[in-house]
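Worksheet: the structure to be examined is printed underneath.
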Amino acid sequence: MTSAAPLQFLVLLVASWIGRRQGEAIEYLRAENRVLRARLGPKRLRLFDAERRLLAEKGKPLGRNLLAEMASLATPETILRWYREQVAAKYDGSRTRARRRPATRDDKVKQLLTMARENPSWGYTRLRGALANVGLDLGRSTIQRILAEHGIEPAPRRGRTMPWKTFLKAHWGAIAAADFFSAEVLTRGGLVRYLVLFVIDLKTRRVHIAGVTCAADGAWMAQVARNLTDAAAGPLTGFRHLIVDRDPLYTAHFRNLLRAAGVQLLRLPSKSPNLNAYAERFVRSIKHECLRHIIPLGERHLRAVVREFVDHYHAERNHQGLNNVIPFPSRHSASTVGRIHRLERLGGVLSFYERKAA
């Protein structure tokens, strides 16, 4: 016991000396921090993430009070907040989660309705399987309820009818559409409204002007029908269906003449312009791009204007519905050499650009 006393005294002496030296070092650091605070003033340093993590790890064991005396780069609250964020980030598993957004109910319903409309013969079970193939899960009773809410009949009844769009594509090359558009013509007697009847091939978008008149009646329509179905040069030769609206000018005699030539008229419901969309689009094009910029001076001038636009429509105008190409290019080629030259129709109302070799 007696021999151990000097050793204990020596240990206490060394510990006291080390503690005094650490205290002096801490006092020096505090003084240095005060000097740094005075020099920095309100200015704040921008710290990197690694520096924030280091200060957070070292500052947390000291506590708020001691940090208030020593911290100079950030307040104690900021350092402790960095530490809490570091702890929270350790247990944050969001980076390991799948990045693909899970399908919402709206996505499932939208895809279900698309499949049901595009496939009229598919029943509830078939639709459920098709949805499962693309990672979407809906119960059979849920599918039944959703289709009923959107007015879609069950497969046996839904399959008896064919969507209009599907019908048109299934009869490409054998179906055409007819329609009228009007134009105000300046004559010696003042403004006179003329009617222009045209026929359009839905597959190729080729347009034929069937007639222009300011006095359309049954006799005129009968002659138009004979011209359309002429065996030698009739534009409806080879067609089996003609889409028309409910205009009374399509008289019974007109329909009978076409039926005798093997062309069946498909009369659309009233107030359904979307069912004759291709013809309606041609009307919009000729009025917007041509007729609104021109005042036809007589019937002859009107016929010339319409003829010029139809030629432009066929051979010089890109059609978005046909992959943005020209349906019937004539002399023009898609050359990439030579100077670009502008072609004009109707005094520049209609334009087309091509390259010409030097």
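Does any residue of the range 328-335 turn out to be surrounded by 13 or more Cβ atoms within 10 Å (Cβ to Cβ) and of a type in the set (Lys, Arg)? Checked the range 328-335: no residue is surrounded by 13 or more Cβ atoms within 10 Å (Cβ to Cβ) and of a type in the set (Lys, Arg). Scanning the range 209-226 for residues that are touching a residue at least 40 places away in the same chain (Cβ under 8 Å) and part of a strand (DSSP E or B) yields ILE209, VAL212.
Of note, VAL263 does not satisfy the criterion of being at pLDDT 95 or above and closer than 23 Å to ALA225 by Cβ. The condition (being under 22 Å from CYS214 (Cα atoms) and not β-branched (Val, Ile, Thr)) is satisfied by just one residue among ARG281, ARG300, ARG259: ARG300. ASP247 meets the conditions (1) at pLDDT below 90; (2) more than 24 Å from HIS319 (Cα to Cα) in every case but one. The failed one is (1).
Here GLY211 fits the description: modelled with pLDDT of 95 or more and of a type outside the set (Ser, Thr, Tyr). Among residues of the range 184-198 being farther than 19 Å from PRO235 by Cα and buried (at least 20 other Cβ atoms within 10 Å of the Cβ), the one that is modelled with the lowest pLDDT is VAL185. Filtering the range 285-303 to residues that are part of a helix (DSSP H, G or I) and surrounded by 12 or more Cβ atoms within 10 Å (Cβ to Cβ) leaves SER285, ILE286, LYS287, GLU289, LEU291, HIS293, GLU299, HIS301, LEU302, ARG303.
Looking only at the range 185-207, residues that are touching a residue at least 60 places away in the same chain (Cβ under 8 Å), part of a strand (DSSP E or B) and either outside the structural domain of ILE175 (by TED's automatic domain parsing) or not aliphatic (A, V, I, L, M) (or both) come to 3 in all.
Of everything in the range 88-114 that is of a type in the set (A, V, I, L, M) and at pLDDT below 85, the residue that is nearest to the chain's Cα centre (by Cα) is ALA103.
The values are calculated or read from the model by the stated rules, or taken from the named source; none is laboratory data. Bear in mind the structure is a predicted one, so any value in this text is a computation, not a measurement. For neighbour counting, all protein chains shown are included, and Cβ atoms are generated from backbone atoms with ideal geometry for every residue, glycine included.
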